[in-house]
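Each remark here refers to the structure printed beneath this line.
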Amino acid sequence: MEDLATAMARSDAEVSALRDYVEALDDLEDEAAELHWVQDIKPGLGQVKVDGRGRVVAVELDIHTVRLSDRSLLAERVLQAFNAANARRVADLAERAAVKIW
């Protein structure tokens, strides 16, 4: 059975590691707020831009291309582009977190 001093030292080390982990997550959240992901709206209709929190920052459309396309599919294509940008955002942030935290 470990003595009290050893148990307290181990507990202090675990608390310190947890604080470091939380601090790293806070730093990553701050960094993510400044990042953006851009995804093309296919086929050449424009772009969707999302921020680090997954919010749409901008939707830019090529009006000429939109006029020549099937406009009934525009909302679906914008949503597909948003989903793709968001999936890239999640993967990129997970990779950054793994590097930063571990």
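Where a number appears in this text, it was derived from the coordinates with a stated rule and is not lab data. Quick caveat: nothing in here was measured; it's all calculated off a predicted structure. With ideal geometry, Cβ positions are generated from the backbone for all residues, glycine too; neighbour counts draw on all protein chains shown.
Observations
- Given the chain, longest segment not containing exposed loop trypsin sites (Lys or Arg not before Pro) (DSSP; at most 16 other Cβ within 10 Å): 1-52
- Fully extended contour minus Cα-Cα distance, from ARG71 to VAL56, at 0.36 nm per residue: 3.3 nm
- Degrees, to the nearest 10: 74-101 long Cα axis against longest axis of the chain: 20
- Correct choice for semi-axes √(5λ) of the Cα gyration tensor in Å that was computed from the model, options (i) 20, 18, 11; (ii) 47, 11, 8; (iii) 34, 19, 8: (ii)
- Label-point gap, in nm, between ASP92 and ALA33 - each point 7 angstrom along Cα→Cβ: 1.8
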